[in-house]
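Notes for the one structure printed next.
The values are calculated or read from the model by the stated rules, or taken from the named source; none is laboratory data. Because the structure is predicted, anything quoted here is derived from the model rather than measured. Here Cβ is always computed from backbone atoms with ideal geometry, including for glycine, and neighbour counts include all displayed protein chains.
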Amino acid sequence: MTYAGLKSMIYAKLKKDDPRVKAVAEWASKNYTLDENPGMGLAGHYYYMVAFAKAHAVLGEEIVETPDKQKHQWRTDLIKKLISLQQDKGEWYNDKHGRYMESIPELVTSYSLISMESALQPYLTGR
């Protein structure tokens, strides 16, 4: 839910140098992962990726630098992760954890496509 909060702060016109935005961005850097929903494991993993994608898209940063000084291209990382999780018939679902209805392919496929759209937005719209 941290990413949902970050997105809300940006939509509320808080600036990147606002201490609250900086604190959330720092948390995002320290907890950067697409392998799980930090603190929740695989519960809500696909919803987490939607929030991750939308928050990073509105934040406007292309690179996330983690405390170990690694630089991550979040858009590329997200697309690669989603492709790796796609099932044989083309759908997505959480086959490891069904909490939050993530075992329903129609829901989770929608989440995945929304995440991809957020990651690909500059390439789709030219912005």
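Applying the condition of being free of Cβ contacts under 8 Å to residues at least 24 places away in the same chain, of a type in the set (A, V, I, L, M) and in a loop (DSSP other than H, G, I, E, B) to segment 1-48 and asking which residue is nearest to I104 (Cα to Cα) yields M40.
Here are A43, A51, A23: which of them is at negative phi and within 11 Å of the chain's Cα centre (by Cα)?
Working: A43 fails: within 11 Å of the chain's Cα centre (by Cα); A23 fails: within 11 Å of the chain's Cα centre (by Cα).
Of A43, A51, A23, the one residue that is at negative phi and within 11 Å of the chain's Cα centre (by Cα) is A51.
Among the residues of segment 33-65, those that are touching a Phe, Trp or Tyr at 6+ places or on another chain (Cβ under 8 Å) and either over 22 Å from I114 (Cα atoms) or hydroxyl-bearing (S, T, Y) (or both) comprise Y46, Y47, Y48. Residue count for segment 61-89 under the criterion of being in contact (Cβ under 8 Å) with a residue 12 or more places away in the chain, not in a helix (DSSP H, G or I) and not charged (D, E, K, R): the result is 6.
Which one of these is touching a helix residue (DSSP H, G or I) at 6+ places or on another chain (Cβ under 6 Å), at pLDDT below 95 and either closer than 30 Å to A23 by Cβ or small (G, A, S) (or both): V58, V50?
Residue meeting the stated conditions: V58.
Against the numbered list (1) surrounded by 15 or more Cβ atoms within 10 Å (Cβ to Cβ); (2) at pLDDT 95 or above; (3) farther than 24 Å from Q86 by Cα, E36 comes up short only at (3).
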